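The values are calculated or read from the model by the stated rules, or taken from the named source; none is laboratory data. What you see is a predicted model, and the numbers here were worked out from it, not measured in a lab. Every residue, glycine as well, gets a Cβ built from its backbone with ideal geometry; the counts of neighbours run over all protein chains shown. Side chains included, ligands, DNA and RNA excluded: accessible areas come from the protein's heavy atoms. Shrake-Rupley method; radii C 1.70, N 1.55, O 1.52, S 1.80 Å.
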Amino acid sequence: TGGICGINLDYATISGCSFSGEANGAYDTGGICGTNYGIVQNCYSTGSMSCDYCTVIYSNSSGAYAVGGICGGNAGKISNCYFIGSLDSEVVPSVRDIIDVSFGAISGIHPGGIENCFWDIQVTGIEDGVGINSVTMAGGGIAPNYRINLIGLPTSAMQDPGLYSAFGWTDGSWTIAE
């Protein structure tokens, strides 16, 4: 379940999108994309993501469930994105011993790549940019992943235009509204 799309395939790009509503799903739930195999770039989310349905479906399935501010699961690339919303994990403790649920400010499960992504640690209350950092691929082995400039920041730093220009967000598509 995603605020913009459920699954972004490996040949697709999502660019210049924002999400400010509520996304409540099962398996991979994210503000922009539930599961990303392609590219998500220049996007932001101020929405609220949750996994209430994890408690409904856990008895009939197995595997990991992921909730992220930008993407629930990321096996592709996320770049130049930020998150200042919320991840609701209140329902999860009742099932945490039965299923794996992973929460991250940018991505819940992350075997892909992340570059120049930020989140507001004061607004979100989230310490980790990614939940599960790598996963075992079908056939064995750990999926390659990388994180370049995946940074949780206080509100004052998120409002500093110099931050974004320092990381190459200079294409004119970004402004800071006060």
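A few points about this structure:
- Here 142, 109, 132 are screened, and the one residue that is open to solvent by 30 Å² or more (accessible area, probe 1.4 Å), at pLDDT below 85 and under 12 Å from the mean Cα position of the chain (by Cα) is 132.
- When restricted to residues that are surrounded by 15 or more Cβ atoms within 10 Å (Cβ to Cβ), over 14 Å from residue 112 (Cβ atoms) and among the small types (Gly, Ala, Ser), the stretch 19-33 contains 4.
- Looking across the stretch 1-23, the residues that are part of a strand (DSSP E or B) and either free of Cβ contacts under 8 Å to residues at least 40 places away in the same chain or of a type outside the set (S, T, N, Q) (or both) come down to 2, 5, 6, 7, 13, 14, 15, 18, 19, 22, 23.
- Some residue of the stretch 90-97 being open to solvent by 10 Å² or more (accessible area, probe 1.4 Å) and modelled with pLDDT of 90 or more: no
- Test: residue in the stretch 58-71 that is part of a helix (DSSP H, G or I), open to solvent by less than 20 Å² (accessible area, probe 1.4 Å), at pLDDT below 80 and not basic (Lys, Arg): no
- Every pair of residues 6+ apart whose Cβ atoms lie under 7 Å, when the first sits in the stretch 116-130 and is farther than 24 Å from residue 170 by Cβ and of a type in the set (Ser, Thr, Tyr) while the second is open to solvent by 70 Å² or more (accessible area, probe 1.4 Å) and assigned to a strand (DSSP E or B): none
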